[in-house]
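Peer 1: Below is one structure. I have some questions about it.
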Amino acid sequence: MVSEVIEALEAVFMIEPGDEAIVKDADRNAYDRNRMQYNASILLNSITATWRAKATTETKTASSFYLWIVSEDIFVRGMNFVFGVAKPGKGAVLSTCRLDSLNMIKKEAIHEMGHVFGLQHCSNKCVMQFSNSVYEAKKKPAELCDKCKYLLKSHVHAQNHARDRDCP
Ligand SMILES: [Zn+2]
Ligand SMILES: [Zn+2]
């Protein structure tokens, strides 16, 4: 599953091999007993910490991005659940819990990594459409629209550290 997701990401974002996709269980400390879900913001913070740790030891850090794929259900405050959440310029967490096919996993991985590369939600027929339900996620295409492709090319991405907030 992971290699297919990475292939899909490479095709869209032209990232180089060596960028990492992490597949591991969600940290227990991110578990919310009341909600019986994992707090995606906590998982995302641990990615940011990894990113920072590498930033001090490597020079090519600016091109290192992380995708952490978990099978557990995740949430961010104010939402019942999220498919994923991203920290622009650093990495993203993706949950496969509510995604019932490889195509859906690829689609949401592209969406979250789109945020990592600086894209925001888009109202075109586009993978960057915000989806609040599995139905909406199914309906949207797996590709970036022309506008988002253009934005991606013109380097809104990566350098966009100023907007350092989490995007579902
Ligand atoms: Zn778009
Ligand atoms: Zn989003």
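Computed from the coordinates by the stated procedures, all read-outs in this text should not be read as laboratory data. Since this is a predicted model, take the numbers as computed values, not measurements. Cβ atoms come from the backbone with ideal geometry, glycine included; neighbour counts cover every protein chain shown.
Peer 1: So, in region 97-128, how many residues would count as being small (Gly, Ala, Ser), within 15 Å of Leu144 (Cα to Cα) and more than 13 Å from ligand 1 (Cβ to nearest atom)?
Peer 2: Counting residues in region 97-128 that are small (Gly, Ala, Ser), within 15 Å of Leu144 (Cα to Cα) and more than 13 Å from ligand 1 (Cβ to nearest atom) gives 1.
Peer 1: Filter region 99-144 down to the residues that are out of contact with any helix residue (DSSP H, G or I) (no Cβ under 8 Å at 6 or more places or on another chain) and among the small types (Gly, Ala, Ser) and list them by number.
Peer 2: Ser101, Ser123, Ser133
Peer 1: Here is a further query. Out of everything in region 97-113 that is touching a residue at least 40 places away in the same chain (Cβ under 8 Å) and not hydrophobic (A, V, I, L, M, F, W, C), what residue ends up being farthest from ligand 2 (Cβ to nearest atom)?
Peer 2: Residue satisfying both the conditions and the ranking: Lys106.
Peer 1: Taking helices (runs of 4 or more DSSP H) that do not extend beyond region 68-168, which have at least 2 residues that are crowded, with 16+ Cβ neighbours inside 10 Å?
Peer 2: 102-116, 146-153
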